[in-house]
Amino acid sequence: MSVSPRPTPMFSTTRLVHASQRMFVASLLLLALDGAVSAAEDPVAALAPSLEQYVETNMKGFDVPGVAIGIVAGDKLVYAKGFGVRSKGGAPVDTKTIFQIGSTTKAFLSTTMAIAVDKEKLHWDDRVVDLDPDFQMHDPWVTREFRFFDLLAQRSGMPPYANDAFGLLGFDRSTLIRSLRYVEPVSSFRSTFAYTNITHMLAGRIVARAEGAADWNAVLQSEILDPLGMSDTTWSAAAIEAAANHAEGYRYTAAESVEAPFEQLFPYDFEGAGDINSNIEDMAKWVSLQLAGGTHDGKQIVSAANLAYTHTPKVGLSDKAAYALGWVVAQTPNGSIVWHNGGTTAFGAFVGLQLDRKLAIIVLSNQTNVGMPDAMGLWALDRLLGNPVVDYGAQRLASAKAADAAGTQQFARPGNPVPSPPLAALAGDFESAAFGKAALKVDGDNAVFELLGTGARFRLDAWNGPVYTATLVADGRFAGVVANSGPLPLGFAQFQADKDGKAGIFRLTFSDGQAYDFLRK
């Protein structure tokens, strides 16, 4: 969902999710901000012509159909403009056009957590296992010590994007949350940044339970959207499709962007990790709340102290940047900026704040976030801060093209592949502790591995010897997932010998390296 962000970010396990989300990490390398900024409107007006030229140049380079940008000073939207079109050949983008905002949703989640703390319904250092007794991590000590604030701090010790792929394969939120107990850590708890999304589902569930709400989105509506008057902001595929003025999403490829349909599973099943749809005018109200220390029209929506807590670093990303709660804090010689990007399968976003000077920049686009929104936001901040001009767009475009080529190369069959053994003899029933029952079915030359809990099916094709590619079949509700992820397989499959020397283990390895073992029953 990005911060990432091929950055946060976003489908390697799900090329869908990870290509965009990993742009988050890549964007950290772009941060070298310097100088001083004024909240006055004149610097923004002076910037506008070069900003517009830079945006249009990069839209062409990335083949982004539409972009909307807003700059907020204090509580005023001092610059707002749409560029390009809602869909190729369609109507123009304007400041009311609705986009998915991806992982910039995470800051909304952390703010609802802060509001619950204000009400003393929750406390930042509450043990998660006390709030949800079914919560369990792989390590019992981590289970006991995991606190409410840790759910968003991105330092769980798990691998990046832990189990995200299975959310795209139709497993419900409860199953995803429960699956965390089976994820082996790759680093010590609270020691290393690793971007995850499922922990946010649990945070939203805890907030909703504390507030007596049906779900986190109900809390979002009552605690933030309604008080701020964000009447165009929603959180479902049906809602964005129903909006008369909405953008269609596009998947990035180096050749050209490809239209990708809205689908229910992603990002909407991830709730507070990235399910919001919004526009520049509504997002301006949201960033104004952040700039005003939690007040809106003279009313304190969230206390300044607890809002500031969401901006407080929790784990280092580099010598100049750290992750807070739904925000990145990046140090500069003259202060710091607070920002986050967002990426879904077919949309990208960037929100950046300069809190001391009450300045914010919002960038929304209808293409996978492979770096374009982040580059536009950081470039504009550099100009307003008086820094040397850096062509972030050119840097990110080169990285996006390289990542696209690498994704294709990853699944290219070796020049002289070893013949693959027939799968018919290996057909049968399998089971995973985390994800339940599965079955390998072989019919002639066709082999399909099915997850019985959701009906997701992977076609297995010979690749090299005992290794097969695993391609999601575009059936039913997974048709949109396949359309959005593109033509490449999602990963590899391989049979491994069990302790008796038989092919009793079916290992499914996604393109981001996360592997799942299914044991023969």
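Below is a table of values for the structure above.
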item	result
Computed Rg/Rh of the range 147-289, alpha carbon atoms with Kirkwood Rh	0.99
Convex hull of Cα atoms in the range 377-508, direction-averaged projection (nm²)	12.5
Set of lysines near residue 521 by C-alpha distance (under 23 Å), chain-local residues within fewer than 8 positions excluded	437, 441, 499, 502
Two-decimal log10 I(q)/I(0) for the range 38-190, as the Debye equation yields it once each C-alpha is a single scatterer, q = 0.10, 0.19, 0.20 Å⁻¹	-0.62, -1.11, -1.19
Among 313, 131, 464 - extreme Cα towards positive end, dipole of the chain, charges at beta-carbon	464
Residue 192 paired with residue 300, simple spin-label distance in nm, labels 7 Å along Cα-to-beta-carbon	4.2
Percent accessible area from carbon and sulfur atoms, the chain, protein chains only, probe 1.4 Å	51
13 Å reach of a label modelled at residue 88, 7 Å along Cα-to-Cβ, counting backbone N of the range 225-250	249-250
Alpha-carbon Debye profile of the range 284-403, log10 I(q)/I(0) at 0.14, 0.23 Å⁻¹	-0.64, -1.43
Residue 315/residue 402 FRET efficiency (R0 30 Å; Cβ-Cβ; nearest 0.05)	0.65
Radius 15 Å from Cβ of residue 201, net charge of other residues (Lys, Arg +1; Asp, Glu -1)	-3
Euclidean distance of C-alpha centroids, the range 246-323 and the range 395-472, integer Å	34
Radius of gyration, Dmax [the range 223-309; alpha carbons; angstrom]	16.0, 50
Relative contact order [Cα under 8 Å, 6+ residues apart], the range 454-518, whole percent	22
Spin-label model distance (nm) - residue 420 vs residue 238, 7 Å beyond Cα toward Cβ	4.0
Helical mean residue ellipticity (222 nm; -39500 (n - 2.57) per DSSP H run of 4+; nearest 500) of the chain	-8500 deg cm²/dmol
Karplus (6.51, -1.76, 1.60) ³J(HN,Hα), θ = phi - 60°, over the range 42-54, in Hz, Gly and Pro reported as x	4, x, 5, 4, 5, 6, 3, x, 6, 4, 5, 5, 5
Probe 1.4 Å, accessible area per residue of the chain, Å²	35
Local net charge near residue 275, Cβ-Cβ under 12 Å (Lys/Arg +1, Asp/Glu -1)	-1
Protection-proxy order for peptides 453-462, 363-372, each taking the mean of Cβ atoms within 10 Å per residue, highest first	363-372, 453-462
The range 149-236, relative contact order [Cα under 8 Å, separation at least 6], %	32
Semi-axis lengths, Å, the range 467-521, gyration tensor of Cα atoms, sqrt of 5 times eigenvalues	26, 12, 8
Inter-label distance, nm, simple model (7 Å from Cα along the C-beta direction), residue 443/residue 255	3.0
Amide proton proximity set for residue 194, modelled H, under 5 Å, gap of 5+	155, 156
Alpha carbon convex hull of the chain, volume per residue in cubic angstrom	141
Extension gain (nm, one decimal) between residue 505 and residue 431, 0.36 nm per residue minus Cα-Cα	25.7 nm
Nearest-0.05 FRET efficiency for residue 395 and residue 52, computed from C-beta distance (R0 22 Å)	0.60
Net charge over other residues, Cβ less than 10 angstrom from the Cβ of residue 145 (K, R count +1; D, E count -1)	+2
Distance histogram for the range 143-211 (every C-alpha pair counted, 10 angstrom bins, percent rounded to whole numbers)	20, 56, 23, 1
Residues of the range 389-423 with amide N under 18 Å of a point placed 7 Å along Cα→Cβ from residue 488	396-415
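The values are calculated or read from the model by the stated rules, or taken from the named source; none is laboratory data. Model, not experiment: these values are computed from the prediction. Neighbour counts are summed over all protein chains in view; Cβ atoms, including those assigned to glycine, are modelled from backbone coordinates with ideal geometry. Note: accessible area is taken over every heavy atom of the protein model, side chains too, but ligands, DNA and RNA are not part of it. Shrake-Rupley method; radii C 1.70, N 1.55, O 1.52, S 1.80 Å.
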